[in-house]
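Here's the structure, in structure tokens; my notes come after.
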Amino acid sequence: MAATTATTIIRPDPDPTLLTTENLRREIANLKELSDTKFGGVSNSIGSLHDLFTAELDKLASVTAERFTAVGAQFTERDTRTDQRAGDTKLAVDAAFAAAKEATAEIKTGFTKSIDALQTLITANTKAADDKIDDLKERLTTMEARTQGIGSANQDNRALVFAVIGSVFGVIALFIAAGSLITAIISHSH
């Protein structure tokens, strides 16, 4: 007596391979969005920092100019009085103006050096951010390549699983047939 068995393919519902692939794609998209948001914020922060430094430098230059304007007005008043009193005082005022001009030149040179240093710092920060963005792009490309490789490997593995399941069913059917044969022989011998 031979038993017939039909091989059926057992597949979980929902298929975990499709869910895994969908989850990977969703997470990659989330990672891209997160990196774009973070690095966009870094760029905005650098721009805001540059604007803040520029505004502070403008304020400082304005205050310095107001002070020198006020000093200049005081010197002008003094010049008017000293011209009436004596010529020696006029020489002292001229010397003060020369010192003020020299100080302004030194301050201007200091501001120029500060601005150059800030530009160097901003350039370095921008380059560092660009390097990080490039590194993330390379990692995402690598992850996408791995995901595609995993998908093709899963298809190969699925075929192997089906072949193993079919073989297991065949062996089970063989044992059942052997058991039936042994049972039939034992029952006929009694």
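The values are calculated or read from the model by the stated rules, or taken from the named source; none is laboratory data. Just so you know, these numbers come straight off a predicted model, no measurement behind them. Methodologically, a virtual Cβ is constructed for each residue, glycine included, from the backbone with ideal geometry; neighbour enumeration extends over all protein chains shown.
For segment 166-189, the criterion of being in contact with a helix residue (DSSP H, G or I) (Cβ under 9 Å, 6 or more places away or on another chain), assigned to a helix (DSSP H, G or I) and surrounded by 12 or more Cβ atoms within 10 Å (Cβ to Cβ) is met by no residue.
Among all residues of segment 124-145, there is at least one that is part of a helix (DSSP H, G or I), aliphatic (A, V, I, L, M) and more than 30 Å from GLU27 (Cα to Cα).
Residues checked against (1) out of contact with any His (no Cβ under 8 Å at 6 or more places or on another chain); (2) at pLDDT 80 or above; (3) part of a helix (DSSP H, G or I):
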{"residue": "ALA61", "(1), (2), (3)": "yes, yes, yes"}
{"residue": "ALA92", "(1), (2), (3)": "yes, no, yes"}
{"residue": "PHE97", "(1), (2), (3)": "yes, yes, yes"}
{"residue": "THR112", "(1), (2), (3)": "yes, yes, yes"}
{"residue": "LEU118", "(1), (2), (3)": "no, yes, yes"}
{"residue": "ASN154", "(1), (2), (3)": "yes, no, yes"}
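Contact annotation: residue pairs with Cβ atoms under 8 Å, 6 or more positions apart or on different chains, pairing a residue in segment 38-63 that is farther than 25 Å from LYS137 by Cβ with a partner that is aromatic (Phe, Trp, Tyr), are LEU57/PHE111; LEU60/PHE111; ALA61/PHE111.
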